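Notes to accompany the following structure.
The values are calculated or read from the model by the stated rules, or taken from the named source; none is laboratory data. Worth saying up front: this structure is predicted, and the values here are computed from it rather than measured. All Cβ positions, even for glycine, are placed from backbone atoms using ideal geometry, and neighbour counts span all protein chains on display. Remember, those area values only see protein heavy atoms, side chains included, never the ligands or the DNA or RNA. Shrake-Rupley method; radii C 1.70, N 1.55, O 1.52, S 1.80 Å.
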Amino acid sequence: ISLVVPATGILVGVGGLIAAAGLDFWLVWAAATLGAITGDWVAYDLAFRFKDRITRMWPFSSHAELIAGGIRFFERWGLAAVFGGRFFGPFRAVVPIVAGLYAMPWLKFQVANVVSAALWAIGILTPGFLSVRWLFG
């Protein structure tokens, strides 16, 4: 979904809402982490199962240049691309698909997926959370 609707701005705002509403930061962090893990897992699994057919489906067929960039990124960096791709805009949506297309071993993919999702979620929620806390005490 992040290929069409970037979640970055939304989740920074959600971080602020957590602080403003007095919600448990770690509960929301866990939900964001699980959502990120699940999204990449599904993308990987679909690409692994459907191979090249996935790139001919919408929305991927409309963003062939992103798939090509993701392939180059993955070919150069491999496992590090799965981990680091989550932190680089358009690659976030594409790298799990490319990992599935290339049949990256499932366990390697999931380790990079889980660790990067946990770090990404804390990094994306914290600025909004701390800003509201600082501004409104």
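Between S131 and D24, the modelled labels are 2.6 nm apart [label points 7 Å from Cα along Cα→Cβ]. Applying the Karplus relation 6.51 cos²θ - 1.76 cosθ + 1.60 with θ = phi - 60° to the stretch 121-137 yields 3J(HN,Hα) values of 4, 5, x, 8, 8, 4, x, x, 4, 5, 4, 5, 4, 5, 5, 10, x Hz, where x marks Gly and Pro. Here the accessible area is traced with a 1.4 Å probe on the protein chains. For the stretch 93-137, carbon and sulfur cover 77 percent of it.
Here the Karplus curve 6.51 cos²θ - 1.76 cosθ + 1.60, taken at θ = phi - 60°, turns the phi angles of the stretch 13-18 into couplings of x, 4, x, x, 5, 4 Hz, with x standing for Gly and Pro.
Under conditions of 25 °C and 0.890 mPa s, the stretch 1-126 yields 166 µm² s⁻¹ as its translational diffusion coefficient, taking Rh as the Kirkwood radius over Cα pairs in the Stokes-Einstein equation. Ligands, DNA and RNA aside, T33 has an accessible area near 10 Å² when probed at 1.4 Å. Counting only DSSP H runs of at least 4 residues, each contributing -39500 (n - 2.57), and dividing by the residue count of the chain, the helix-based mean residue ellipticity at 222 nm comes to -25500 deg cm²/dmol. Using only alpha carbons, the stretch 56-113 has a radius of gyration to Kirkwood radius ratio (Rg to Rh) of 0.95. For the stretch 1-90, the solvent-accessible area works out to 61 Å² per residue, with a probe of 1.4 Å and every protein chain left in place. Couplings 3J(HN,Hα) of the stretch 25-36, computed from phi: 3, 5, 5, 5, 4, 4, 5, 5, 4, 4, x, 5 Hz, in residue order, whole Hz [Karplus 6.51 cos²θ - 1.76 cosθ + 1.60, θ = phi - 60°; x for Gly and Pro]. Surface composition of the stretch 1-76: carbon and sulfur atoms hold 69% of the protein heavy-atom accessible area at a 1.4 Å probe.
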